[in-house]
Amino acid sequence: MNNDSKLFLILLSIGLISCSGRPTHYTIDPEVSFNQSNKVENKTAMVEVIPPASQVNSDQGKLSLNADNDFAKSVKQGLIDGLIKSGYKISSNKHFSDVVIRLNFSEFSVVIEPSAVSDEIIVKGNLAVELTRKPKTFRKTFSRSQQLIVVGQANDSEVTGLTNDVVGKLLATALTDDSVQDFISQNMQ
């Protein structure tokens, strides 16, 4: 075996070992914050969350990650908890709700781009918000992208932390948006 073959085998082994320790999933558990000054009474909301589509590793070298827990259920529970603290009652039937809140995260991705000395974690998300109160419907989309470069390999906490930060900031931006607040206020009086 010549020196080039030995070097190739060593580099291949290092590459395989370095890939094996990277996360393959993230855990979603975003912090959902509300403006507590907008308390309501005797109003009912229904919440629906559309999760991201499953990501498939298609690019050479890039790792696409998926949630290892129920993305929609986790985001929905956080939103419901915040709505209850704001005075809303929660319904599972749109016909018995004063407002229906749909959060669509279908365009959301978490990717790791590995290199020899560092990993770059890239989280990109669009949140399409749809509020319905018969006969009116309001729609608005919010976008956010964040990157984190880590020395060595990315770990679970770095990926999960960045992902939850993006989801939490998307939710906070949407829930405190003036046009969203105006729509809810005008229709909830």
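Things to note:
- Unmet requirement for G125, which otherwise passes all of (1) in contact with a Leu (Cβ under 9 Å, 6 or more places away or on another chain); (2) open to solvent by less than 30 Å² (accessible area, probe 1.4 Å); (3) part of a strand (DSSP E or B); (4) farther than 25 Å from Q77 by Cβ: (4)
- Whenever a residue of segment 101-125 is closer than 16 Å to P23 by Cα and touching a residue at least 12 places away in the same chain (Cβ under 8 Å), its partners that are buried (at least 21 other Cβ atoms within 10 Å of the Cβ) and of a type in the set (S, T, Y), lying with C-beta atoms within less than 6 angstrom and at least six residues away or across chains, give the pairs V110/Y26; V110/T163; V123/T163.
- The set of residues in segment 68-95 being over 25 Å from T163 (Cβ atoms), open to solvent by 90 Å² or more (accessible area, probe 1.4 Å) and not in a helix (DSSP H, G or I) consists of K89, S92.
- Residue check, V40 part of a loop (DSSP other than H, G, I, E, B), open to solvent by 60 Å² or more (accessible area, probe 1.4 Å) and in contact with a Ser or Thr (Cβ under 8 Å, 6 or more places away or on another chain): no
- Number of residues in segment 161-174 that are touching a Phe, Trp or Tyr at 6+ places or on another chain (Cβ under 6 Å) and open to solvent by less than 30 Å² (accessible area, probe 1.4 Å): the value is 3.
- Residues in segment 170-189 that are aliphatic (A, V, I, L, M) and assigned to a helix (DSSP H, G or I) were compared, and the one that is farthest from the chain's Cα centre (by Cα) is I184.
- Residue in segment 140-151 that is open to solvent by less than 40 Å² (accessible area, probe 1.4 Å), touching a strand residue (DSSP E or B) at 6+ places or on another chain (Cβ under 6 Å), within 14 Å of P23 (Cα to Cα) and among the aliphatic types (A, V, I, L, M) present: yes
- Selection count where residues are without any contact (Cβ under 8 Å) to a residue 60 or more places away in the chain, in a helix (DSSP H, G or I) and hydrophobic (A, V, I, L, M, F, W, C), scope segment 131-169: 2
The values are calculated or read from the model by the stated rules, or taken from the named source; none is laboratory data. A quick note: this is a predicted structure, and the numbers were derived from the prediction, not measured. A quick note on method: Cβ atoms are made from the backbone with ideal geometry, for glycine too, and the neighbour counts reach across all protein chains shown. Please note that ligands, DNA and RNA were not included when accessible areas were found on the heavy atoms of the full protein model with its side chains. Shrake-Rupley method; radii C 1.70, N 1.55, O 1.52, S 1.80 Å.
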